[in-house]
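Following: one structure in structure tokens, then a few remarks.
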Amino acid sequence: MDRIEILMALNENNREKSKVDPKKQLGPIYREIRDLKSAILAAEKQLSHMAREYQERKEELDQLLLDVPQWTNDIAKAKERMIRQRGLTLKDMLEIQQEVAKAEENQLLGEAKTIDLQNKLAAYAKEKKITQARIKELKTQFNQRAAIYNQEKAKADLQMASFAAKEEALLEELDPETVALYRDALQSNPDNPVVLLEKDICGGCRIGLSKHMVKLVNQGDKLICCENCMRILLPAHKGVKE
Ligand SMILES: [Zn+2]
């Protein structure tokens, strides 16, 4: 292969390499994995928030379950006092009645609250099960996607390594000056560092070239780079595939 053929082979290698860009290929699945991960974290946060709420309501309920029988007991005692103690003044009687009324009110409120808390705890328990099932499902999806990602990544890495090996082999056949020109062109134009001259226009950035430059490119004695985009310009008749 002559220098131009090698450059064209390098360009072709780059074109193929740019088609299997792992970042582009793996981007969608990577984003999917990232979204699944944040959904799992959000659900776990929700679960621990629920666990705290559950614990607080449970303590409240336990306290009520101790208090309500106590209030019932107070009512019974007060009523007994009214019956047994003779010679109570009207004032004493009224006081005891008020005490009983208040205790009865507390008892009713306590019973209602007990039911409310029991319902809340049941709802939390149900929600917890649903959330746990959702986390499990999300984790399954995450693991499946991660396995696919790893497979695709390994495949892409292998492909990239083969392109790199081919590039290295081709570069070894070139003189250092051409390699330097090629590397400069590659840095700013990773997909197509080598382009054809199109009449008097750069086939890469499409800027118009001077007659002198066009002549130099067509003579082919020396490699000429576009001053605008740094791509290596080859004469049109060399037939680089576009
Ligand atoms: Zn150019």
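The values are calculated or read from the model by the stated rules, or taken from the named source; none is laboratory data. Everything quoted here is computed from the prediction, not taken from an experiment. Cβ sites come from the backbone with ideal geometry, for glycine too, and all protein chains shown count toward neighbours. Ligands, DNA and RNA are excluded from the accessible area calculation, which covers all protein heavy atoms including side chains. Shrake-Rupley method; radii C 1.70, N 1.55, O 1.52, S 1.80 Å.
Once you put a point 7 Å from the Cα of Arg206 and another 7 Å from the Cα of Glu99, both along the Cβ direction, what distance in nm separates them?
Spacing of the two 7 Å Cα→Cβ label points: 9.9 nm.
Run the 1.4 Å probe and let me know the accessible area of His49, rounded to the nearest 10 Å².
In the full protein context, His49 sits at about 90 Å².
Tell me, what is the 1.4 Å probe accessible area of Met8, in Å² to the nearest 10?
Here the residue's solvent-accessible area equals roughly 40 Å².
PRE reach from Gln25 (point 7 Å along Cα→Cβ): which of the stretch 140-169 fall under 19 Å by backbone N?
Residues 145-168 fall inside that zone.
How big is the Cα convex hull of the stretch 107-242 in projection, averaged over all directions, in nm²? Present the calculation step by step, with values, prior to reporting the outcome.
Working: hull surface 64.1 nm².
If I average the Cα hull's projected area over directions, I get 16.0 nm².
Mind giving me the FRET efficiency for Leu216 and Glu12? R0 is 25 Å, r the Cβ-Cβ distance, nearest 0.05 is fine.
Values: r = 24 Å, r/R0 = 0.97.
It comes out at approximately 0.55.
Please compute the net charge surrounding Ile135, taking Lys and Arg as +1 and Asp and Glu as -1 over other residues with Cβ under 14 Å from its Cβ. Write out the running numbers ahead of the final one.
Numbers: positive: Lys37, Lys45, Lys128, Lys129, Arg134, Lys136, Lys139; negative: Glu44, Glu127, Glu137.
Computed value for this residue: +4.
Express in % the proportion of alpha carbon pairs of the chain at distances exceeding 34 Å.
Values: 17031 of 29161 pairs.
So the portion of pairs separated by more than 34 Å is 58 percent.
With label points built 7 Å along Cα→Cβ from the Cα atoms of Lys120 and Met1, find their separation and express it in nm.
With each label point 7 Å from Cα toward Cβ, the separation is 7.5 nm.
Rounded to whole Å and ordered largest first, report the semi-axes of the equivalent ellipsoid of the stretch 173-237 derived from its Cα gyration tensor (root of 5λ). Working shown, then result.
Numbers: eigenvalues 64, 39, 16 Å².
Its equivalent ellipsoid spans semi-axes of 18, 14, 9 Å.
Report the gain in length on full extension from Asp92 to Lys45: 0.36 nm times residue separation, minus Cα-Cα distance, nm rounded to one decimal. Present the calculation step by step, with values, prior to reporting the outcome.
Values: separation 47, 0.36 × 47 = 16.92 nm, distance 5.65 nm.
Separation in residues times 0.36 nm, less the Cα-Cα distance, equals 11.3 nm.
On a 0 to 90° scale, report how tilted helix 3-19 is relative to the longest principal axis of the chain, with both axes built from alpha carbons and the result rounded to the nearest 10.
Computed tilt is about 20 degrees.
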